[in-house]
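The values are calculated or read from the model by the stated rules, or taken from the named source; none is laboratory data. Remember, it's a predicted structure, so these values are computed and weren't measured experimentally. All Cβ positions, even for glycine, are placed from backbone atoms using ideal geometry, and neighbour counts span all protein chains on display. Heads up: the accessible areas ignore ligands, DNA and RNA and are worked out on the full protein's heavy atoms, side chains in. Shrake-Rupley method; radii C 1.70, N 1.55, O 1.52, S 1.80 Å.
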Amino acid sequence: GVDVMSRKSRSVLLFSLVPAVLLGSLSAVQAAEPKATKWSSPSTWPNKKVPAAGDKVVIANDKNVILDVSPPALNGLTINGKLTFAENADLELTTEWVMIHGELAIGTEAKPHTRKATITLTDNVKEEEMMGMGDRGIMLAGGTLNLHGDRTHTWTKLAKTAEAGSTSIEVLNAAGWRVGDEIVLASTDYDPRQAERRTIAAINGNAITLDKKLDYMHFGKITFDVDQRGEVGLLTRNIKIQASEDAAQTYFGGHIMAMVTSKMFIEGVEVSRMGQHMELARYPFHWHLAGDVKGQYIRNTAIHDTFNRCVTVHGTHNLRVENNV
């Protein structure tokens, strides 16, 4: 009996040492993040050639690449190391899919991205199958997606009723909203199709002039202590992820999917033409059986014109979903 006990306690001791050893090696790896090199520089790439149209690009796990140009349309992008969007230019990345084992970063929580960043997912190569995550997606297998745009005030309510035919509205708080921003007025009727999308033509405090008149009345009063003031949401963000325009016909949009041990920190992002109609598990944002994800979040994000749900939290706990439109 004693012998069994001691063997058991020895194995427990061994196991208890393993995490410390692993942690030690992990922190060493993180401390020495490789020197950043530019996408546009031939020396960044193994064959000394900057990626060309139709290439399938791999960022090796010893690479830390800064996207400083808008590359030609790619046939796929695998990130084993790190790819960061440069902060000093408006950039577009067009690709069939992105597979992340390392990290894709646009801005940080402490320092949100201020320029425009657009990722467009194409579907010229049909019915690819990426590690059980399908096609036309940003797919995370143990990787990290760090997206931080600069828009923090995402929705408000009407301060008074907006009549049908009106070209202006008054809201409770339009702080940070700008001319050219796209907004949506929620339906205050039993008909959800009375939601209306408009562009801000002018703005003065909380008074917003619209680019064209409203087709419907939107109620803006508190009645019998019930707040029935219609919501007004901001759709525009400086970080945008979308499927290319063909998805509007096929309803086969892009999707963003995180498998177990992956991490997503999403803030101030706009997604459209995302989700794949009638395809199980292909949603605009999808935490898939990710377990406890304490510390991860999706907030201040706009999800519109989608073909299959919005945010799916499946077998996943402690995710913070906040202030999204």
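Within region 210-232, the only residue that satisfies the criterion of being open to solvent by less than 60 Å² (accessible area, probe 1.4 Å), out of contact with any Ser or Thr (no Cβ under 7 Å at 6 or more places or on another chain) and part of a loop (DSSP other than H, G, I, E, B) is R229.
From the list E109, E92, E87, which residue is surrounded by fewer than 19 Cβ atoms within 10 Å (Cβ to Cβ) and in a strand (DSSP E or B)?
Exactly one residue qualifies, and that residue is E92.
For region 281-318, residues that are of a type in the set (A, V, I, L, M), closer than 24 Å to I119 by Cα and surrounded by fewer than 21 Cβ atoms within 10 Å (Cβ to Cβ) total 3. If you go through region 195-202 one residue at a time, do you hit one that is open to solvent by 80 Å² or more (accessible area, probe 1.4 Å), farther than 17 Å from N173 by Cβ, within 28 Å of the chain's Cα centre (by Cα) and at pLDDT 95 or above? Yes: one or more hits. Number of residues in region 220-241 that are of a type in the set (S, T, N, Q) and in contact with an Asp or Glu (Cβ under 8 Å, 6 or more places away or on another chain) equals 2. Look at (1) polar (S, T, N, Q); (2) in contact with an Asp or Glu (Cβ under 8 Å, 6 or more places away or on another chain); (3) buried (at least 18 other Cβ atoms within 10 Å of the Cβ) and you find that T250 fails only one, number (3). Exactly one residue out of A175, A162 is open to solvent by 20 Å² or more (accessible area, probe 1.4 Å) and closer than 29 Å to I200 by Cβ: that is A175. Criterion first (part of a strand (DSSP E or B), surrounded by fewer than 21 Cβ atoms within 10 Å (Cβ to Cβ) and either at pLDDT 95 or above or not basic (K, R) (or both)) does T120 satisfy it? Yes.
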